[in-house]
Every structure is written in structure tokens, then in C-alpha cells.
1. Sort out which residues of region 140-181 are over 25 Å from SER109 (Cβ atoms) and open to solvent by 50 Å² or more (accessible area, probe 1.4 Å), and write them in order of number.
2. Is it the case that region 218-227 has a residue that's hydrophobic (A, V, I, L, M, F, W, C) and modelled with pLDDT of 90 or more?
3. For residues that are over 16 Å from SER166 (Cα atoms) and either hydroxyl-bearing (Ser, Thr, Tyr) or open to solvent by less than 40 Å² (accessible area, probe 1.4 Å) (or both), tally how many sit in region 50-71.
4. Looking at (1) surrounded by fewer than 16 Cβ atoms within 10 Å (Cβ to Cβ); (2) at pLDDT below 80; (3) not charged (D, E, K, R), can you tell me which one GLY242 breaks?
5. Is it true that LEU77 is modelled with pLDDT of 95 or more, surrounded by fewer than 24 Cβ atoms within 10 Å (Cβ to Cβ), assigned to a helix (DSSP H, G or I) and not basic (Lys, Arg)?
6. Restricting attention to region 93-103, does a residue exist that is open to solvent by 30 Å² or more (accessible area, probe 1.4 Å) and over 22 Å from LEU32 (Cα atoms)?
7. Of the residues that sit in region 182-205 and are within 15 Å of THR83 (Cβ to Cβ) and of a type in the set (A, V, I, L, M), which one is most open to solvent (accessible area, probe 1.4 Å)?
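The values are calculated or read from the model by the stated rules, or taken from the named source; none is laboratory data. Note that the structure is a prediction, hence the values are computed from the model and not measured. For neighbour counting, all protein chains shown are included, and Cβ atoms are generated from backbone atoms with ideal geometry for every residue, glycine included. Heavy atoms of the whole protein, side chains included, go into the accessibility calculation; ligands, DNA and RNA do not. Shrake-Rupley method; radii C 1.70, N 1.55, O 1.52, S 1.80 Å.
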Amino acid sequence: MRTEVKADLMMLGATMLWASSYLFTKVGLQSLETFNLIALRLLIAFLLSALVFHKRVRSAGWSTVSSAFVLGSILFLSFVFITFGVRSTSASNAGFLVGLSVIFVPILSILFLRKKPEARLLLCIGLAIVGIGLLTLTSSLTINQGDVYCMLGSLLFAVHMLVTGSVVKQGDAIALGVLQLGFAGLWALSFSFLMETPKLPDTFDAWTSILGLSVLCSAVAFVLQATVQKYASPTRTALIFGMEPLFAAIFAFVFAGETLTSRGYVGAALLLLSVFLAQTDVKKLLDGKRLAVKKHRTVSK
């Protein structure tokens, strides 16, 4: 099997694992409090990732450690909003709304990095706004609190991606990724001791949730992403990552029986379309396909 195909399949696997996190979170929140769940998820993921990449973690310099602290703090806040959001909204809604980080990244780049907005981005923003309205607005034109939390978590995750792009050039990317999990987990554990009564899971479902979140959705997904980044092109990677909300909705339907209203399905479709257009230069993609077909015909002759 070609290396590119293997990379795509591994990235698809990571995307499916991330998509399952909303359902795992919903199950875990039935017996664990919010900060407790986040702490267990991230600290177990940190320990597993640190075992795999222990040499790189031990050799990390002060610059990498300090950058990881900043990223871990942002990541912690993002997880807090998303987890509180999942507590009071559906797993499928959470998947679609958190996927908006792809739209928020270019918006933040325009606001803070003074990048000129493209017409395509303005179209994506418009589609996303309409999609959010159809997916989340009730008949009384109010938005569920959980949906608002998920959007705030998505915004913070977009900030996290921008900051990562800025600091990743200054140190070891793998060590940075592992250490940020540890710092985010310590933040969550601190808040759990301050505001909750932290405990270990005491039911089979709770352990399944925590192990699914920490081992599959965090540690394994992180290793898969780190492994394939050098082989997968940014465009192909973005397209595959953009399928996360779709997988989240499928998991929510199959395992939790969640469905959307007809209006919600239209809104979800518009959100997916906005994410796809934000990640993909359709004109360049079509031109590339035409060029490939032309070359194929030339070789055939």
C-alpha cells in the first residue's frame, strides 16, 4: 500500500477517534464531575504519550516547556467549555459546533494578524452563521447554553491552533504536544480539588468513558497525528479532519439514538459545507484534477 494511502487511513482513524470523544464525554459525565473527567482524561493521556516519547520529553528545553505551559492552559480552557457544553447539549450538536474552529482560525488571523480576508472566507462565515442558526436556535429564537459553551470552546481551540503555529517552530513539536497535555491535566486536577470531590470512576461505563477519552481519543489519536503529519499534505489532512462532525453525528445516532430535526440537518449540512470550503481551494483542487486527467490521457496515447 502506498505511503500516502496509509497516511490518509491513519488520519481518518484519528479523526474517527476524536469524533467519538463527544459520546464518551456524555457517558462519563453521568458519574463524574466536569473537572474530574477532564483531569483523568488528560493526565492518563499525558502518561501514555510520555512513555512513548520519553526521550524527547526528557530532552525538552525551557523554551519548549514554557510554550507547552501556555498551550496547555489554552487547551484546558477549551476542554472546560466543550465539556460543560456536552453536558447540556447533544453529542451531534457538539461535534458540528466544535468543528467551527476551522472557520474561527482565519477570522482570528484577519483580526489579529491583519491578513486580508478572501471572498471564499466571507462566504464560509455567512454559511456558518446560517448553519448555526438552523442547528441551534429554538422556536423562541434562543440558543441552548450548551451550544454557546461548545462555540466558545471551539473559539479557544482556534486560538490554540494559532498559538501552536507560532511556537512550534521554536522547539520539539512532539515534546510540546505531550507536555501540553500534562499542564492541561494539572490545571483540571487543581480545579477539581478546589470545586469538586475528585474520584476515580466507579462504574464500568465510567471507566469505558475515561479510557476511551484518554487512550483512544487523546494518546492514540495524538500518536497517529504525529506519525502521519510528515506524509500527509495539508490539504488532504484538512479535508479528512473536516469529516469529524459527520462522524460525531453518526456515532451519536448509532450508539445514543440522537437525531436532528429537518431544520437541524440543513444547518449541519451548511456547517459542513462552510468547513469544507474554508479548508479547500476548490478551484485549485479542480485544476489539479484536470491536470492529472490530461497527463493520464497523454501517457495512455
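1. Across region 140-181, the qualifying residues are SER140, LEU141, THR142, ILE143, ASN144, GLN145.
2. Restricting attention to region 218-227, the residues satisfying the condition of being hydrophobic (A, V, I, L, M, F, W, C) are 219-224, 226.
Then keep just the ones that are modelled with pLDDT of 90 or more; that gives none.
The answer is no, given that none of the residues of region 218-227 is hydrophobic (A, V, I, L, M, F, W, C) and modelled with pLDDT of 90 or more.
3. Filtering region 50-71 down to residues over 16 Å from SER166 (Cα atoms) leaves 50-62.
Then drop every residue that is not either hydroxyl-bearing (Ser, Thr, Tyr) or open to solvent by less than 40 Å² (accessible area, probe 1.4 Å) (or both), which leaves 50, 53, 57, 59-61.
Count: 6.
4. Of the numbered conditions (1) surrounded by fewer than 16 Cβ atoms within 10 Å (Cβ to Cβ); (2) at pLDDT below 80; (3) not charged (D, E, K, R), the odd one out for GLY242 is (1).
5. Working: modelled with pLDDT of 95 or more: yes; surrounded by fewer than 24 Cβ atoms within 10 Å (Cβ to Cβ): yes; assigned to a helix (DSSP H, G or I): yes; not basic (Lys, Arg): yes.
Considered against the rule, which asks whether it is modelled with pLDDT of 95 or more, surrounded by fewer than 24 Cβ atoms within 10 Å (Cβ to Cβ), assigned to a helix (DSSP H, G or I) and not basic (Lys, Arg), LEU77 comes out as yes.
6. Start the filter on region 93-103 by keeping residues that are open to solvent by 30 Å² or more (accessible area, probe 1.4 Å), which leaves 102.
Next, from what is left, pick out any that are over 22 Å from LEU32 (Cα atoms): 102.
Yes - at least one qualifying residue is present in region 93-103.
7. Out of the qualifying residues, it is MET195.
Residue by residue, here is whether (1) at pLDDT below 85; (2) among the hydroxyl-bearing types (Ser, Thr, Tyr) holds:
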| residue | (1), (2) |
| --- | --- |
| ARG114 | yes, no |
| CYS124 | yes, no |
| THR136 | yes, yes |
| GLN145 | no, no |
| LEU162 | yes, no |
| ASP202 | no, no |
| ALA206 | no, no |
| GLY212 | no, no |
